[in-house]
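A short write-up of the structure that comes next.
The numbers here are math on the coordinates, done by the rules we state, and not lab data. Just so we're clear, the structure is a prediction, and the values are computed from it rather than from any experiment. Please note: Cβ atoms are built from the backbone with ideal geometry, for glycine as well, and neighbour counts cover all protein chains shown.
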Amino acid sequence: MEYAAKITGTGSAFPQKRVSNTDISQKLAQSGIETSDSWIRERTGIAERRMSTPGNSEEHNSSLGLAAALNALKMAGKTPLDIDQIIYATCTPDTIIPSTACWLQHKLGAVKAWGMDLNAACSGFIYGLSIADQFIRTGQVKTCLVIGAEVLSSIINWEDRSSCILFGDGAGAAIVERTQETSAHRILSTHLLSDGNLWEMLHVPAGGSAQPVTPEMILQNLNKIHMNGREIFKVAVRTLSSFAVKALKKNQMTVDMLDWFVPHQANIRIIEAVAKRLNLPMEKVLVNVDRYGNTSSATVPSMLDEAVRDGRIQKGQTVLLDAFGAGLTYGAVLMRW
């Protein structure tokens, strides 16, 4: 028997602390860096974001992932014992060893599951869904928990105005289950690509085995995010558009057949530019970057969860997920809800 995969439950979670643009402006002013609420809104569309409180174990990456997972399990009508596989997408893990997937398994009590971390930065959840889809299609897994979660506040470079205004913390989760290959409600196709030649556009120089962190590197912020925003903007618009078209062509569909487009929530200007390229009305584009900022691998699943819970996404509708991230990485998933 051939199988397909479908999402049966979604969940999301965010830290309690809201950080407004005014809060950011005041923090940067202490270092002599000038910015303002209007400057940030105009360039990014962001009004506020959530940030974990350092030292608060309830807002560790795996804790946010746990809350999102529990919400997704409840929607799907499943328990932790039903989970066969945990795919945890993050570039800000709790620890290097063990994996955040193992921390989550421990907290969740999913003792029958095996888990792994996946680092594709902002494309992580899309990559995770693709992997879950393949394991389910081959019959090796029946129920998978896919999570995208980040505590990006831990690696923000507060001396770089162009990047520090963008990021927030959060988590999103999905329960992916086996269904019949002919089911009307399933993941239709997944599409992935990476380009390591563009690594310098967004990276954290120190912290891995190539450059272990030293006091000198910390003083230079080499353990924080370094980004070329102008170039990333160009690449993001081009790749998000091309991957949307690729997914639609694979399924012999056109843009007007889409009910909802769920892009990576990096910047409202990128999202608007992509919609314009696709000739897709913004009324079909799901956006929450104004309230949460860029939460990397958590943006797509948390936006998906919000739209499912408030009733915008309805059964039978066609939904396209689309993301790009550091690496650079790209990915899209087309599904019928």
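Could you sort 175-181, 61-67 so that the peptide with the highest average Cβ count within 10 Å comes first and the rest follow in order?
For the peptides 175-181, 61-67, the packing ranking is 61-67, 175-181.
At a 10 angstrom cut-off on C-beta neighbours, averaged per residue, how do the peptides 98-107, 297-306 rank from highest to lowest? Could the numbers behind the result be given before it?
On the way: 98-107: 21.2, 297-306: 28.5.
Highest-to-lowest ranking by the protection proxy: 297-306, 98-107.
Could you work out how much longer the chain between residue 291 and residue 43 gets when fully extended? Use 0.36 nm per residue separation minus the Cα distance between them, nm to one decimal. Please report the intermediate quantities before stating the final value.
Details: separation 248, 0.36 × 248 = 89.28 nm, distance 1.48 nm.
Full extension of this stretch gives 87.8 nm more.
Near residue 185, within a Cβ-to-Cβ distance under 10 Å, what is the net charge of the other residues, with Lys and Arg +1 and Asp and Glu -1?
+4
Which of 210, 266, 140 sits closest to the plus end of the dipole of the chain, meaning its Cα is farthest towards the positive end, when Lys and Arg get +1 and Asp and Glu get -1 on the C-beta?
140
Could you grab the relative contact order for the range 1-110? Cα pairs under 8 Å, six or more apart, rounded to a whole percent.
Relative contact order comes out at 32 percent.
What's the ranking of 88-95, 276-283 by average number of surrounding C-beta atoms within 10 Å, highest first?
88-95, 276-283
Which log10 I(q)/I(0) values does the range 219-337 give at q = 0.17, 0.21 Å⁻¹ under the Debye formula, counting every alpha carbon as one identical point scatterer?
-0.82, -1.23
Starting from the Cα gyration tensor of the range 289-337, take the square roots of the eigenvalues, sort them a ≥ b ≥ c, and report rounded, prolate or oblate (rounded when a/c is under 1.5, otherwise prolate if a/b is larger than b/c, else oblate).
oblate
I'd like the FRET efficiency for residue 184 and residue 74, computed as 1/(1 + (r/R0)^6) with the beta carbon distance as r and R0 of 35 Å, rounded to 0.05.
With a Förster radius of 35 Å, E is 0.90.
With the cut-off at 18 Å, tell me which of the pairs 107/224; 78/142; 78/112; 6/74; 6/142; 74/107 have Cα atoms farther apart than that.
Exceeds cut-off: 107/224.
Run the dipole for the range 186-336 about the Cα centre, Lys and Arg Cβ at +1, Asp and Glu Cβ at -1, nothing else charged, and hand back the magnitude in debye, nearest 20.
Taking the Cα centre of the range 186-336 as origin, the dipole is about 460 debye.
Add +1 for every Lys or Arg and -1 for every Asp or Glu among the other residues with Cβ under 12 Å from the Cβ of residue 83, and state the total.
Net local charge, residue 83 excluded: 0.
What is the distance in Å between the Cα centres of the range 281-296 and the range 84-104?
Computed from Cα coordinates, the inter-centre distance equals 26 Å.
Over the chain, what relative contact order in percent results from Cα pairs under 8 Å that are six or more residues apart?
After rounding, I find 25 percent.
Taking the alpha-carbon centroid of each part, what is the distance from the range 44-77 to the range 135-156 in angstrom?
14 Å
Using DSSP, restrict attention to beta bridges with both residues in the range 3-180 and report what percent are antiparallel, rounded to the nearest 5.
Counting only bridges with both partners in the range 3-180, antiparallel ones make up about 70 percent.
May I ask you to sort 165, 218 by Cβ crowding, counting other Cβ atoms within 10 Å and putting the fewest first? Don't skip to the answer; put the middle values down first.
Values: 165 22, 218 12.
Ordered by Cβ neighbours within 10 Å, fewest first: 218, 165.
About the Cα centre of the chain, how large is the charge dipole given +1 on each Lys and Arg Cβ and -1 on each Asp and Glu Cβ? Please answer in debye to the nearest 20.
780 debye
What FRET efficiency comes out for residue 219 versus residue 58 if R0 is 25 angstrom and r is the Cβ-Cβ distance? Round to the nearest 0.05.
It comes to 0.20.
Quick check: net charge around residue 103, other residues with Cβ under 12 Å of its Cβ, Lys/Arg +1 and Asp/Glu -1?
On the way: positive: 107; negative: 94, 117.
That works out to -1.
How high is the relative contact order of the range 188-329, given as a whole-number percent (alpha carbon pairs under 8 Å, six or more residues apart)?
Relative contact order of the range 188-329: 33 percent.
For the chain, what is the mean residue ellipticity at 222 nm derived from helices alone (per DSSP H run of n ≥ 4: -39500 (n - 2.57); sum divided by total residues; nearest 500 deg cm²/dmol)?
Value at 222 nm, helices only, nearest 500: -10000 deg cm²/dmol.
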